[in-house]
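K.L.:
Structure below; questions to follow.
Computed from the coordinates by the stated procedures, all read-outs in this text should not be read as laboratory data. None of the values given here were measured: they were computed from a predicted structure. Glycine gets a Cβ as well: all are built from the backbone with ideal geometry, and neighbour counts include every protein chain shown.
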Amino acid sequence: MATINGIEQGISCYSYTQEFIENDDWSINTIFEHVAAKGVSKVELVGAQTFQQYPTPRPEEIDAVLAAGAKHGVEVFSYGGYVDLGRITGYRMSREDILSDIRLDIMTARSLGAKYLRATGFEPELAPAVNDLAERYGVQIGFEIHAPHTPADATTRGFMETIEKNQLGCFGLVPDFGMFIERPTEIAINRYVGLGAKRETLDWIIANRHNGMTEEEMQEHVAKNMGGGEGEKVAISEWFGYLSFAPAELDSFAAMVPYVKYVHGKFYHLELDADGKVFEPTIPYEKALSILADGGFQGAFISEYEGHAFYLNDADEQLDRHLALGKSILESL
Amino acid sequence: MPTKFMKLGFDEQVLRRLANDSDGYVLDVGLNYYRGTPISAVERMELSVDGERVDDDRILVEINGKFLRLKQVPLAFTEYWGVKTPIRLHVTGEPLAAGPHHVDFVCEARVVYMQFAPGVYGMFDASASATLAVAENSEN
């Protein structure tokens, strides 16, 4: 993909979650074939999904990714890791346990030839030690800032201060554009309706999401006083969690840009307007991308479709739309 | 705050195959989740066939060539249940009659990376129900 204003578009293989899970004949090779057909050569690969053994994939699993990459001209640009803190029942992982898991992810990233490890699952005070590991193994770390975190919250500020104070050269941040979602997508709302939720109850939850109620209080209120069932329960849980929404904190995003290693262009569902032009009805993409470019960011912008939440089996179409949207915005800056 | 309860829509990938075995029957079970999980994260696993709960002591869970009693599942933190790799439940005892059987599978697990207080995790529900047919003279 062409680099526009110093920014190159890539794709997260996670965008194909639905196809990968539902089709026994889909492999990482199939995904790379689809990515390459779009003219994209940089991908992010999520280890815990791609590999059938994690955090230490079998050697043949690594070989299969490398072979698929060579065949289709696709590079694993970043490797998505996790710290599975709850893996051992009843056991609290120590600092050393966590660093050991991150090291395992770094080793996998290296085996895949990835320049970046996208990391999660630890607090800012661990960043210097993670940076030391990254330096030792020659991999860059990007800690993912994902909803419900925002560019201005205590965790994000903590990471920026730690990077600054310790002058960490191999450690930075990966903002996920999902943190700028301002309202739920219509498709998500319809999914909860499909699970039995009443539309008027969902509208009430959306209107009251930031009224000061905790998730527990809202769950209890909706279940006891509004006749809420399974659909409402899932909606509240997701809207307080990974599908959280709020007015986008774009002003504070500018301060974060100098720490950005690369970007997750998360999106939920792109629509076409009356003129056939692509738009994202829930995330202010144009503004967020322009802040990134104005801040001098140069690097990869990875399209990440969260479509598996909606079961529309349309990753290829949605990724095409997202690449077109990104290209059009970047060219206009 | 992370999501506390997650139910994805890959239900049809869960209950895959029911067949008689040399000592009872087997059920192949896929995962309704967007990534794999260490099987130790499974906090509740129950099986009912034709409306009748199968005694936990009759079930052996086969994962990566290892065989675990249900009570041992939470201990098996090194065994990874890949999102494309079904596990196999072995149910000892009488084989099933040929023909359709209604299977209810309950599976609730920790989202192992979503900890919001020490020892308190988000959960996902990978339960599923389906009617599966046992073939005439089917054996494994």
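K.L.:
Return, ordered by residue number, the residues of the range A:303-333 whose backbone nitrogen is under 20 Å from a label point located 7 Å along Cα→Cβ of residue A:275.
P.N.:
Within reach of a label on residue A:275: A:321-333.
K.L.:
Tell me the label-point distance for the pair residue A:246, residue A:324, using the 7 Å Cα-to-Cβ offset, in nm and rounded to one decimal.
P.N.:
Between residue A:246 and residue A:324, the label points sit 3.4 nm apart.
K.L.:
Kindly provide the GluC sites (Glu not before Pro) of the range A:94-141 that DSSP labels as loop, not H, G, I, E or B, and whose Cβ sees at most 11 other Cβ atoms within 10 Å. Walk me through the intermediate numbers first.
P.N.:
Values: sites: A:96, A:125, A:135; in loops: none.
Passing sites in the range A:94-141 do not exist.
K.L.:
Then there's this: According to a simple spin-label model (label point 7 Å from Cα along Cα-to-Cβ), what is the distance in nm between residue A:107 and residue A:23?
P.N.:
3.4 nm
K.L.:
Using a 10 Å Cβ count of at most 12 others and DSSP loop calls, identify the longest part of chain A lacking such trypsin sites (Lys or Arg not before Pro). If you can, show how the numbers build up before the last one.
P.N.:
Numbers: sites that count: A:92, A:277.
No qualifying site falls inside A:93-276, the longest such stretch.
K.L.:
Note the count of lysine pairs whose C-alpha atoms are less than 30 angstrom apart in the range A:108-259, limited to pairs 8 or more residues apart or on different chains. Spell out each step's value before the answer.
P.N.:
Numbers: A:115/A:165; A:198/A:224; A:198/A:233; A:224/A:233.
Number of lysine pairs found: 4.
K.L.:
Enumerate the calculated ³J(HN,Hα) couplings along the range A:100-111 in order (Karplus 6.51 cos²θ - 1.76 cosθ + 1.60, θ = phi - 60°), each rounded to whole Hz, writing x wherever the residue is Gly or Pro.
P.N.:
3J(HN,Hα) across the range A:100-111, in whole Hz: 5, 5, 5, 4, 4, 5, 4, 4, 5, 4, 4, 4.
K.L.:
Mind listing the phi-derived Karplus ³J(HN,Hα) values for the range A:268-282, rounded to whole Hz, using 6.51, -1.76 and 1.60 with θ = phi - 60°, and x for any glycine or proline?
P.N.:
Listing the rounded values in order: 9, 6, 9, 10, 10, 7, 4, 8, x, 8, 6, 8, 9, x, 10 Hz.
K.L.:
Provide a whole-number value for the mean count of partner chain Cβ atoms within 10 Å of the Cβ atoms in peptide B:5-13.
P.N.:
Working: counts 8, 6, 6, 7, 10, 6, 0, 1, 4.
Across the residues of B:5-13, the mean count of other-chain Cβ atoms within 10 Å is 5.
K.L.:
Exactly which GluC sites (Glu not before Pro) in the range A:219-273 are in a DSSP loop and have at most 11 other Cβ atoms within 10 Å?
P.N.:
Values: sites: A:220, A:230, A:232, A:238, A:249, A:271; in loops: A:249.
Qualifying residues, ordered by number: none.
K.L.:
Still on this structure, please answer the following. At a threshold of 8 angstrom on Cα-Cα distance, excluding pairs fewer than six apart, so keeping six or more, what relative contact order does the range B:1-47 reach in percent?
P.N.:
Numbers: 36 pairs, mean separation 14.7, N = 47.
Normalised by residue count, the contact order of the range B:1-47 is 31 percent.
K.L.:
Please report the relative contact order for chain B, taking Cα pairs under 8 Å with a sequence separation of at least 6, and give it as a percent rounded to a whole number. Mind dumping the intermediate values first?
P.N.:
Working: 342 pairs, mean separation 50.4, N = 140.
It rounds to 36 percent for chain B.
K.L.:
Of the chymotrypsin sites (Phe, Trp or Tyr not before Pro) in the range A:261-314, which ones lie in a loop per DSSP and count no more than 15 other C-beta atoms within 10 Å?
P.N.:
The qualifying sites are A:311.
K.L.:
Assuming a ≥ b ≥ c are the square roots of the Cα gyration tensor eigenvalues, decide whether the protein assembly as shown counts as rounded (a/c under 1.5), prolate (otherwise, with a/b larger than b/c) or oblate.
P.N.:
Details: a/c = 1.61, a/b = 1.41, b/c = 1.14.
Verdict is prolate for the protein assembly as shown.
K.L.:
Kirkwood Rh over Cα pairs of the range A:91-155 into Stokes-Einstein at 10 °C, 1.306 mPa s: D in µm²/s?
P.N.:
On the way: Rh = 12.6 Å.
Translational diffusion coefficient: 126 µm²/s.
K.L.:
For residue A:42, enumerate residues with amide H under 5 Å from its amide H, sequence gap 5+ or separate chain, H modeled in the peptide plane.
P.N.:
For residue A:42, the qualifying residues are A:11, A:75.
K.L.:
Return the long-range amide H neighbours of residue B:68 (sequence gap of 5 or more, or a different chain), with a cut-off of under 5 Å between placed amide H atoms.
P.N.:
B:61, B:62, B:63
K.L.:
While we're on this one: Taking every pair of alpha-carbon atoms in chain B, what share in percent sits in each 5 Å bin, from 0 to the bin with the longest distance?
P.N.:
Percent of pairs per bin, in order: 2, 10, 20, 24, 19, 13, 7, 3, 2, 0, 0.
K.L.:
Determine which lysines satisfy two conditions relative to residue A:38: a Cα distance under 17 Å, and not lying fewer than 8 residues away in the same chain.
P.N.:
A:71, A:327
K.L.:
Let me ask you something else. What's the FRET efficiency of residue A:164 with residue A:187 using the Cβ-Cβ distance as r and R₀ = 45 Å, to the nearest 0.05?
P.N.:
Details: r = 40 Å, r/R0 = 0.89.
The pair residue A:164/residue A:187 has a calculated efficiency of 0.65.
K.L.:
Using 0.36 nm per residue, how much length does the chain from residue A:313 to residue A:67 gain when fully extended, once their Cα-Cα distance is taken away?
P.N.:
Details: separation 246, 0.36 × 246 = 88.56 nm, distance 2.62 nm.
Difference between extended and current length: 85.9 nm.
K.L.:
How high is the relative contact order of the range A:89-175? Use alpha-carbon pairs under 8 Å, at least six apart in sequence, and give a whole percent. Working shown, then result.
P.N.:
On the way: 99 pairs, mean separation 26.3, N = 87.
Across the range A:89-175, relative contact order equals 30 percent.
K.L.:
Each residue of the range A:49-62 in turn: what ³J(HN,Hα) in whole Hz from Karplus with 6.51, -1.76, 1.60 and θ = phi - 60°, glycine and Pro shown as x?
P.N.:
Each residue of the range A:49-62 in turn: 8, 5, 8, 8, 9, 8, x, 10, x, 5, x, 5, 6, 5 Hz.
K.L.:
Given H placed on each backbone N at 1.01 Å, which residues far from residue B:83 in sequence or on other chains put an amide H within less than 5 Å of it?
P.N.:
Hits under the 5 Å cutoff: B:36.
K.L.:
Right, here's the next one. What aspartates and glutamates sit close enough to residue B:71 to cross-link, taking a C-alpha to C-alpha distance under 15 Å and skipping anything fewer than 8 places away on the same chain?
P.N.:
Candidates past the 8-residue exclusion: B:43, B:46, B:55, B:56, B:57, B:62, B:79, B:108.
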